[in-house]
């Protein structure tokens, strides 16, 4: 089971690296990509599996340093925090533009509606890209503290 834990860990690092770099590229170009979100969701699933495997290893008597456990669980927290910031992205953009609700966007001229939507999508992309890149660092640190 230890080998599976290592393999899933390497996979998680790779997936979050791809998501982070791809997301940064899409954010820079202001070009949303549905594939970014797919890779990110698979990466998020991989850290849930990774944490579950780590938990099983601990329950079955495998020793791990406290630092390894902390760095292994922090990616879950950062993924959750990133999602919370992503959820508030739309309201932040609406507030910045003085719009009271999503329905107010529908009252804007079409070009302005597209600008608002583009700003929301870009902000969501930026938030989740940053979270992905932080998670890469945390996972790499977890791997370096493995015994």
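Readers should treat all values here as calculations from the given coordinates under stated rules, not as data from a laboratory. Note that the structure is a prediction, hence the values are computed from the model and not measured. Counting neighbours? That spans all protein chains shown, and the Cβs are built from the backbone with ideal geometry, glycine included.
Quick look at the values:
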{"read-out": "Whole-angstrom gap from the range 24-47 to the range 53-109, using each part's C-alpha centre", "value": "14"}
{"read-out": "Packing-based exposure ordering (other Cβ within 10 Å, fewest first) of 36, 85", "value": "85, 36"}
{"read-out": "Sorted by Cβ density within 10 Å, fewest first, the residues 5, 68", "value": "68, 5"}
{"read-out": "Span per principal axis, largest first, for the Cα atoms of the range 1-87 (Å)", "value": "48, 24, 17"}
{"read-out": "Degrees separating the helix 110-144 axis from the principal Cα axis of the chain, which is the longest one", "value": "10"}
{"read-out": "With Cα atoms, 0 to 90° folded angle of helix 66-96 axis to the chain main axis", "value": "10"}
{"read-out": "Listed values [x] 14.5, 42; [y] 18.4, 63; [z] 17.3, 50, entry calculated as Rg and Dmax of the Cα atoms in Å", "value": "[y]"}
{"read-out": "Relative contact order [Cα under 8 Å, 6+ residues apart], the chain, whole percent", "value": "40"}
{"read-out": "Segment residue 2-residue 80, length gained on full extension (0.36 nm per residue, minus Cα span)", "value": "25.5 nm"}
{"read-out": "In degrees, nearest ten, helix 34-59 long axis to first principal axis of the chain (Cα)", "value": "30"}
